[in-house]
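The structure under discussion appears below in the form of C-alpha cells.
The values are calculated or read from the model by the stated rules, or taken from the named source; none is laboratory data. Remember, predicted model here, so these are calculated numbers, not experimental data. Here the Cβ positions follow ideal geometry from the backbone for every residue, glycine too, while neighbour counts run over all protein chains shown.
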Amino acid sequence: MFFGGAMATNSRIAIVLSFLLLIPLLATPVSAKVAVEIDEPFWIEDYDLGLIGMGVGGSSGQKVIVVGEDGFSRVLDGVNPRDQITLPVTTDEALRTVSWHPRGNTALIAGDEGVFMRYAQEDHSLTTADNAGILTGIDIHAVSWNTAGSHAYLGGEGGWIWAYHEGEGGNAIFEPISDTKNSIISGIDCHPEISLCVVTTIDDGIAILDSRTNHSLYWIGGEGKRWHSVSCADPLQDTCIAVASELTIGLIGINTNQPKNSIIMTRVVSDSTGELTHVHARGPGESLIVMTPFEVIAWDHTDDEAYEWIEYQDVLNESSTLAGDSLIGSWGTIDNEDVGFLVTSQGGIVPFHPSKLSNEWTDTMVSYLVGAMVIIAVPGVILGLIFMNSTTMQSWYYNRRAAKIEAKENARIAAEKAAKKELRARKNR
C-alpha cells in the first residue's frame with residue numbers, strides 16, 4: 001500500500017509553505033511490514049449489537065464507552081475490556097457518538113432524534129440534558145468537548161452545529177452556531193492544546209471552529225469529498241487528520257493566529273479497494289485509519305509516512321467470523337499504544353500486540369535509535385529556537401523551500417508531458 005497525489009486545496013502560497021514547515025509532504029515512504037498481530041476475538045454479547053461509535057477517556061484509569069443501535073451503551077475497561085459495566089437503556093434510538101470531558105469524570109453521548117445524554121463515571125448514570133428539546137428530530141452524528149472543557153460542540157443532519165455548556169443551576173444551554181451550511185455534520189474534534197476544533201461534512205467540505213471568538217466558524221475548503229471522520233488528538237502538532245470518500249486522507253494545518261487561513265492538503269490511498277471510515281489517535285504523532293472491509297493503516301504525522309497496521313488477510317486467518325464484520329474504531333492502552341483492541345460493529349473486541357518481526361527489530365535497534373535521538377534532539381531544539389526568532393532565517397527558508405517545490409512540480413509536469421507525448425508517438429507508429 002502506498003500514497004500519492006498530494007494536492008493543496010487552498011491557493012494561499014505563504015500559508016502552504018508555513019504548513020510544509022510543520023508537515024513535510026514531499027515524500028511518503030511506506031513500510032512493507034505489518035505493525036501488529038491480532039489475537040482471538042471475543043464478543044460483548046452473543047448477538048449483533050450494531051455498534052456505531054466509541055469514546056476513550058475516564059478519570060480513574062482508561063475507560064471506553066461503546067454505543068450503537070437501540071440505545072445500547074456499555075463501559076469497557078481500557079486494559080481489560082472483558083471488565084464491563086452495562087449502562088441503563090433510556091432510549092430505543094441509535095446512539096452514534098461519544099465525547100469524554102477533558103477531566104474524565106463525565107461523557108456526552110448523542111444519537112438519533114436529538115438524543116443527548118450525560119454519563120457520570122461516579123455512579124454510571126445516564127441523564128438527559130435539560131433543554132435538549134431544541135435537538136428533537138435531528139440525528140446527531142458528532143460531539144466533542146473543547147480543550148478547556150467549557151463548551152462541547154455537536155452537529156448532525158441539516159448542517160446544524162450547537163455549542164453546549166451548563167449554565168447556572170446545571171441547566172443545559174444550547175447556542176446555534178452561525179455560518180453553517182446544509183449537509184450532515186459527519187465529525188467534530190477539538191484539539192487538546194488549542195482552542196480550535198475541526199468540523200467535517202458530507203458535502204460542504206471542512207471548517208474550523210474557534211472557541212476563543214464566540215464560536216466563529218471558518219470554511220477552509222475540501223468540497224467535492226464526502227468527509228467521514230476527523231481526529232485532532234495529537235497534542236504535539238497543530239494539525240488534524242480527516243478521511244473521506246475516494247480513499248482520501250486530508251491533512252489539516254491549523255493556523256492558530258488566523259484560523260480562516262488554515263489549509264487542507266490531501267493524499268490518496270492508491271493501492272486499495274476498500275473505503276476509509278474512521279480515524280483515531282494511536283499515540284503522539286500517529287493516527288490509525290480504519291478501512292472497510294476490515295483493515296487498518298497507520299499515519300505518521302511527523303515523518304509523513306504511512307504503513308500497514310493490520311491486514312485483511314490476517315483477520316481472515318484469525319477468525320472467519322470477523323470476515324463479515326466491520327470496524328468502528330480502536331484504542332491503544334495507556335502504558336503501551338502498541339497493545340490494544342479493535343472494536344467491530346457486531347460487538348467483537350479484537351486484541352492486538354506488536355508482531356514478532358517488530359519486536360526483533362526493536363530489540364536490535366533501540367539502543368542506536370535512543371543515541372541518535374539524543375544527538376539530534378539537542379542541536380535541533382537550539383536551531384529551532386534561533387529559527388523561530390529570526391525573520392531573516394524564516395524568509396530564507398520559505399524562499400528556498402518554495403523554489404524546491406516549484407522545481408519538483410515543474411519536473412513532474414515535464415515528465416508527465418513527455419510520457420504522454422511518447423505514448424501518442426507509439427500509437428501513431
Scan segment 207-225 for residues that are under 15 Å from Q258 (Cβ atoms) and at pLDDT below 95 and jot them down.
R212, T213
Quick check: is even one residue across segment 181-194 closer than 22 Å to V56 by Cα, modelled with pLDDT under 95 and charged (D, E, K, R)?
yes
So which strands (runs of 3 or more DSSP E) are wholly in segment 175-233 and hold at least 2 residues that are touching a residue at least 24 places away in the same chain (Cβ under 8 Å), surrounded by fewer than 20 Cβ atoms within 10 Å (Cβ to Cβ) and not aliphatic (A, V, I, L, M)?
216-221
Say whether the condition of being under 17 Å from I65 (Cα atoms) and touching a strand residue (DSSP E or B) at 6+ places or on another chain (Cβ under 8 Å) is met by at least one residue in segment 144-165.
yes
Among the residues in segment 78-86, are any within 27 Å of the chain's Cα centre (by Cα), within 24 Å of H191 (Cα to Cα) and buried (at least 16 other Cβ atoms within 10 Å of the Cβ)?
yes
On the basis of being in contact (Cβ under 8 Å) with a residue 24 or more places away in the chain and either surrounded by 21 or more Cβ atoms within 10 Å (Cβ to Cβ) or touching a helix residue (DSSP H, G or I) at 6+ places or on another chain (Cβ under 7 Å) (or both), does S270 make the cut?
no
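Looking at R96, R82, which is the one that is in the same structural domain as E45 (by TED's automatic domain parsing), part of a strand (DSSP E or B) and at pLDDT 95 or above?
On inspection, the qualifying residue turns out to be R96.
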